[in-house]
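The block underneath contains the structure these notes are about, expressed in structure tokens.
No lab work stands behind these numbers, since they all come straight from the coordinates. In this text the structure is predicted, and so the values were computed from the model without any measurement. Cβ sites come from the backbone with ideal geometry, for glycine too, and all protein chains shown count toward neighbours.
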Amino acid sequence: MSDIESTINEMLTPYPEAVKKNRKKHLLVKGAPAACCPPIEANTRTIPGIISQRGCAYAGCKGVVVGPIKDMITITHGPVGCGYYSWGTRRNKARADDITPKDKVYSNLCFTTDMQEPDIVFGGEKKLAKMIDEVVAEFHPRAINICATCPVGLIGDDIGAVAKAAEERHGISVLAYNCEGYKGVSQSAGHHIANNNVMEKIVGTGTERKPGRHVINILGEYNIGGDGWELERILAECGYTVNCVLTGDSTYLDIKNLHLADLNLVQCHRSINYIAEMMETKYGTPWLKVNLIGIESTNESLRQIAQVFNDPALVAKIEEVIERETARVGPILDQYRKVLLGKTAFAIVGGSRSHHYQYLLRDLGMEMIIAGYEFAHRDDYEGRQVIPTIKPDADSKNIPELHLVPDEKMYKDAHVHLNMSKEKYDEIKEKVPLNYYEGIYPNMKEGQIIIDDANHHEVEVLIKTVKPDLFLSGVRDKYIVHKMCVASKQLHAYDYSGPYAGYNGAINFARDVVNALTTPAWKLITPPWEKEETRSESNA
Ligand code: CFM
């Protein structure tokens, strides 16, 4: 039996037969390069009793997609816990200096209706309406989001009706999201619910295109640890106008104008592919999947964007930026590479980063030998060509699909958006994978493991048997793995660091990983359980 087979055996053996059968379908081992990608089971229910790393639909809607819109007030309609635990944000940073008036940054505040037992018994609609009135009187926000939590759906509060009445009372947009935690199998459902509402109610309502020759949006970039700022810096230097970063450090006003850009870049496919696709249908806007994590992949993405615009001046400018930035960060990374060369990593993150960070790790001489997603769909593993073959189930049918049609006034063909002939556009499309994502699988090497919705037991077995040097995950399993004497970093919130995107981000990431792998701390301390005295003292 090969090492990988025995690892998988060890993972699955303790399970009852039905669980074993289920979990096996969520595993892939990259085969010979010529072998086609086997289907993986994804975006299905976690088995009850298994400790999953997933979040809920509310987390995906409020915490991930709409929470970072800084000039909107997002009200959590529900008991205080849901609001309280999403208060800390996910380190999606926002600044006040580029909006007026300057104090309108609400994304790091917590607004909740704090439902109590009487509200559950008699309904919470009045309390919600009152809270909207208070919020408008106190803060005068441009617009409001209302995010529902589980009990709201269970008792049947009509948040849509409350929102509509509040819009009439106050003359501002009030968006209601039925993102009750149970609405799907993970936070992924919340992304979809948020995408639908943002697309239907905000995008397309503005008329101000930012000035510039090439105007772009970055979709699915949430400015964790300042990532979006580093990307805006690079793209501005290349000569683009960044119209809107959706939704990191974004404003309601910018999102209204999202449709006025020439091209959508898609960083996180999982959380935002719906808007990319809906904009393609409604406005004809082409989109390009990029990966701006890692030096080589950032360079490659910049070159692809330049190709799409087919502008020689832009190509020259981009090459200049690439050359300058690569020369600047190269020697710094060379130093770190001396420590990192040949080291291995195991990542279990949401639905994008386990793919994106493979490139940055390779820049540093490392390999991600196990890649896990918590809540990705089959297309994030295998590529978008599988989408028509994914059968809807009871859970996915729970989320409304918007069936959009081309907008009568605002639809333009993709080549018109890009200011070129249809022939030229078709020629470019042959070379650049527009409106497509190939998923994580093609990028993995033979023998590397892909795991969907991994649980604590599986993570422990993988750490013990595969012995990666570095574990990249969230706070829930970070410390368990630390206690197994494996360096561990949070790849969701970057611990207290960042940015990790773009060129400056690569330096930060390399430094943090080197620190994690070389810290002498573990050799300098004796854990309490190895101290004989401590044991006898505490027994005394
Ligand atoms: Fe996209 Fe994200 Fe991710 Fe995600 Fe997330 Fe996140 Fe993530 Mo945490 S939107 S799928 S729901 S890249 S919060 S910024 S790090 S799990 S891999």
Checklist entry - In this structure, is Asn178 of a type in the set (S, T, N, Q), more than 16 Å from the ligand (Cβ to nearest atom) and crowded, with 16+ Cβ neighbours inside 10 Å? => result yes
Next on the checklist: Step by step: first the residues of segment 474-499, then only those that are more than 13 Å from the ligand (Cβ to nearest atom) and aromatic (Phe, Trp, Tyr), then the one that is nearest to Phe346 (Cα to Cα). Which residue is that?
Outcome noted: Tyr479
Checklist entry - Within segment 146-170, which residues are of a type in the set (Asp, Glu) and either assigned to a helix (DSSP H, G or I) or buried (at least 18 other Cβ atoms within 10 Å of the Cβ) (or both)? => result Asp157, Glu167, Glu168
Checklist outcome for this item: Here the residues within segment 342-388 that are of a type in the set (Gly, Ala, Ser), under 20 Å from Ile272 (Cα atoms) and either within 13 Å of the ligand (Cβ to nearest atom) or crowded, with 24+ Cβ neighbours inside 10 Å (or both) are Gly350, Gly351, Ser352, Ser354, Gly372, Ala376
Next on the checklist: Between Ser86, Ser173, which is within 16 Å of the ligand (Cβ to nearest atom) and touching a helix residue (DSSP H, G or I) at 6+ places or on another chain (Cβ under 7 Å)?
Outcome noted: Ser86
Checklist entry - among the aliphatic types (A, V, I, L, M) and closer than 13 Å to Ile295 by Cβ: does that describe Val329? => result yes
Next on the checklist: I'd like the residue in segment 205-233 that is of a type in the set (Gly, Ala, Ser) and crowded, with 20+ Cβ neighbours inside 10 Å and, out of all such residues, is farthest from the ligand (Cβ to nearest atom).
Outcome noted: Gly226
Checklist outcome for this item: Log entry, pairs with first residue in segment 47-59 being under 15 Å from Gly474 (Cα atoms) and charged (D, E, K, R), second being assigned to a loop (DSSP other than H, G, I, E, B) and within 16 Å of the ligand (Cβ to nearest atom), beta carbons closer than 6 Å, six or more apart or on different chains, reads Arg54/Ser186; Arg54/Glu374; Arg54/Phe375
